[in-house]
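Below: one structure, written as structure tokens.
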Number of protein chains: 2
Amino acid sequence: MGDIMRIVIVGLGVIGGSYAMALKEAGYNEVYGIDKNIDTLNKAKALGIIKEGYEDGKEIVSEADLIVLAVYPDLVKSFISNNKENFKDNAIITDVTGIKQLFINEVLDILPDNIDFVFAHPMAGREKKGIDYATNTVFKDANFLITVTDKNKIESLELIEELAYKMGFKHVKRICPKYHDEMIAFTSQLPHALAVALINSDIEGRNTGEFIGDSYRDLTRIANINETLWSQLFLGNKENLLQAIYNFEEELDKIKSCLENEDKEALRELFIKSSVRREKL
Amino acid sequence: MGDIMRIVIVGLGVIGGSYAMALKEAGYNEVYGIDKNIDTLNKAKALGIIKEGYEDGKEIVSEADLIVLAVYPDLVKSFISNNKENFKDNAIITDVTGIKQLFINEVLDILPDNIDFVFAHPMAGREKKGIDYATNTVFKDANFLITVTDKNKIESLELIEELAYKMGFKHVKRICPKYHDEMIAFTSQLPHALAVALINSDIEGRNTGEFIGDSYRDLTRIANINETLWSQLFLGNKENLLQAIYNFEEELDKIKSCLENEDKEALRELFIKSSVRREKL
């Protein structure tokens, strides 16, 4: 593909904007942006992280060697169906979506044979949305997951892997979509569910802020959440997330039993188990 | 009491050691330490944060103007009963315990009339225990709670408040023990219960570390927990913590219902509520 790879990022929100920054820092100069918000495009251009921005992407899409879809989960498939006549021959497409099984098969069903879609999940983000919160520092030392399909070419996988490392990610891992969604339900969606339930369970009108330490701050940080994105992620991975919640509830029940039975020794055992697991992390 | 106030810290663990550091930085030079671990005393002396250390504190306790009890909750009362004939006239005692109702009345019952106990809770700490993890930076901008009793003298309360500000705490608040324990069950103990249950609910043998981002890291940090301290804190505030868990479970049930019923709009509302609350914090 060579050095003059032309990259088009679709959606210059917090993740798409962060990709643009990381790509710039990695030395990629042929990076273009598509966004429906003209202010976002102007900001990205002023930051020097895209060469040009487009509200209507038809033309630049047709010239793209690599397309990064940094859009909400429900827009991935529609982007492919809207542009399937329009892609450059042998173009590679990748995404940033936190769940995979929801749309992978549907996308593969309509994807032209000459296009390779490398489904990816950069495990980094911020609570806030929009280009103003974009920063490539969140990628440093983060995990990057690629959910491989039967149709992926080795060269495409290697290209995205190389790109991830150049953008600052520390670990890149290839896995199957099913395992990805199971693990992500536990490591990402469950923590968000707990943070939301925790802060929502506060009794209205209390001066809680005067009674908090770092633990409450840490555990509620992600309760500040993009409701459009996360409602799609939760419902798009419903079965796995429910199972993760049930598993969590079993462990919380153990703590409750220890309290109800005043079983200090059993409680200490739970704490020792959690400490060992956290140390290993 | 004047400038030559002699302060004795009982227990130079992570919190007692951090007090010693903060007091040194605030300009207090007459600070002594009591600890049953001779290595700890030697380290504290080598760090220059205590003037002298004692394994048996009888003598130095009798010369102390201010005693800071930085010990496990179950040792607060026994320290008072063991030393009640031994305190200097008009000495002030304070503690650092995260729960209060467990022992306040019992302590007041045996406390000599000429001694004032200002029950305090510095809302800062670290997952690790021991003087090696002591640092006064955790107090910077943190909350400091004083649970006032009928017996406290105004001057004693003011002295501890002034000390807290000098050690770097940002907010000092006086409250009643009952409200303290209710609030702390929610803001401190519940987050610890959730973190422990979260990491313990992982399925054994998975390579979870390759699938985590900041959210899982943040939500499990406090799952690395001092089992002796926290089993005492949990059981010593059992009713309040159970109530906080029940309230949390109600909110988690709401999320489960949204998933089970695929109710995106209700899920968005829960996320909007949590985001507004977190922004306000």
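For the stretch A:202-220, a reduction of at least 50 Å² in accessible area between the chain on its own and the assembled protein chains (probe 1.4 Å) is found at A:Arg206, A:Glu210, A:Phe211, A:Ser215, A:Tyr216, A:Asp218, A:Leu219. Buried area at the B:A interface is about 8600 square angstrom, summed over both chains, from accessible surfaces computed with a 1.4 angstrom probe. Taking amide H atoms as placed 1.01 Å from N in the peptide plane, the amide H of B:Phe117 lies under 5 Å from those of B:Ile93, each 5 or more residues away in sequence or on another chain. As a ratio to 2.2 N^0.38 Å, the alpha-carbon radius of gyration for the protein assembly as shown is 1.14. The charge dipole of the stretch B:180-279, taken about its Cα centre with unit charges on the Cβ of Lys, Arg, Asp and Glu (plus for the first two, minus for the last two), comes to roughly 240 debye.
Dividing the summed -39500 (n - 2.57) terms of all DSSP H runs of n ≥ 4 by the residue count of the protein assembly as shown sets its mean residue ellipticity at 222 nm at -13500 deg cm²/dmol. Size check on the stretch B:180-279: the Cα extents along the three principal axes, sorted descending, read 43, 37, 26 Å. Under 10 °C and 1.306 mPa s, how fast does the stretch A:86-153 diffuse according to Stokes-Einstein, given a Kirkwood radius computed over C-alpha pairs? Answer in µm²/s, whole number. Value of D from the Cα-based Kirkwood radius: 116 µm²/s. Convex hull volume per residue, computed on the Cα atoms of the stretch A:88-246, equals 144 Å³. Summary of the geometry: the stretch B:74-135 and the stretch A:33-67, compared by the centres of their Cα atoms, lie 63 Å apart. Label-point spacing for A:Gly48 across the identical copies (point 7 Å from Cα in the Cβ direction), in nm and ascending order: 4.6. Converting phi to 3J(HN,Hα) with the Karplus coefficients 6.51, -1.76 and 1.60 and the offset θ = phi - 60°, the stretch B:78-87 yields 5, 4, 5, 5, 6, 10, 5, 8, 10, 6 Hz in sequence order, with x at every glycine or proline. How much of the pair distance distribution for chain A lies past 32 Å, counting alpha-carbon pairs only, in percent? Counting every Cα pair in chain A, those more than 32 Å apart make up 31 percent. Rolling a 1.4 Å probe across the protein heavy atoms gives the stretch A:180-279 an accessible surface of 33 Å² per residue. Determine the distance separating the Cα centre of the stretch A:137-199 from the Cα centre of the stretch B:236-277; give it in Å without decimals. Between the Cα centres of the stretch A:137-199 and the stretch B:236-277 lies a distance of 27 Å. In a solvent-free Debye calculation with one equal scatterer on each Cα, what is log10 I(q)/I(0) for the stretch B:1-53 at q = 0.17, 0.22 Å⁻¹, listed in the order of the q values? Computed log10 I(q)/I(0) values: -0.42, -0.69.
Placing +1 on each Lys and Arg Cβ and -1 on each Asp and Glu Cβ, with no other charges, gives the protein assembly as shown a dipole about its Cα centre of roughly 840 debye. Suppose each label sits 7 Å from its Cα in the direction of the beta carbon; what would the A:Asp89-B:Gln243 distance come out to in nanometres? Spacing of the two 7 Å Cα→Cβ label points: 7.3 nm. With label points defined 7 Å past Cα in the direction of Cβ, position A:Glu162 shows copy-to-copy spacings of 6.9 nm, given to one decimal and shortest first. Which of the lysines could be linked to A:Lys45 by a straight reach, that is with a Cα gap under 29 Å, when you skip same-chain ones fewer than 8 residues away? Here the lysines satisfying the reach criterion relative to A:Lys45 are A:Lys24, A:Lys36, A:Lys58, A:Lys77, A:Lys84, A:Lys88, A:Lys128, A:Lys129, A:Lys140, A:Lys166, A:Lys170. Accessible surface of the protein assembly as shown, 1.4 Å probe: 47 percent of it comes from carbon and sulfur atoms.
Each other copy places its own label point for B:Glu262 at 5.0 nm from this one, sorted shortest first, where the point lies 7 Å along the Cα-to-beta carbon line. Across the stretch B:224-232, coupling constants 3J(HN,Hα) worked out from phi with the 6.51/-1.76/1.60 Karplus curve, θ = phi - 60°, read 7, 9, 6, 5, 5, 5, 6, 5, 5 Hz, and Gly and Pro carry x. Residue by residue, the stretch B:123-138 carries 3J(HN,Hα) couplings of 8, 7, x, 9, 5, 7, 10, x, 5, 4, 9, 5, 6, 7, 5, 5 Hz when phi is fed to the Karplus relation 6.51 cos²θ - 1.76 cosθ + 1.60 (θ = phi - 60°); x denotes Gly or Pro. Close amide-amide hydrogen proximity is noted between B:Tyr32 and B:Ile7, B:Val8, B:Ile9, B:Lys51, each under 5 Å apart and 5 or more residues distant or on a separate chain (H modeled in the peptide plane; Pro and chain starts excluded).
Between the amide H of B:Arg174 and those of B:Ile146, distances stay under 5 Å, these residues lying 5 or more places away or on another chain, with hydrogens modeled in the peptide plane.
The values are calculated or read from the model by the stated rules, or taken from the named source; none is laboratory data. Source: prediction; values computed, not measured. So basically every Cβ, Gly included, is an ideal-geometry build from the backbone, and we count neighbours across all protein chains shown. In case anyone asks, the SASA skips ligands and DNA or RNA and just uses the protein heavy atoms, side chains included. Shrake-Rupley method; radii C 1.70, N 1.55, O 1.52, S 1.80 Å.
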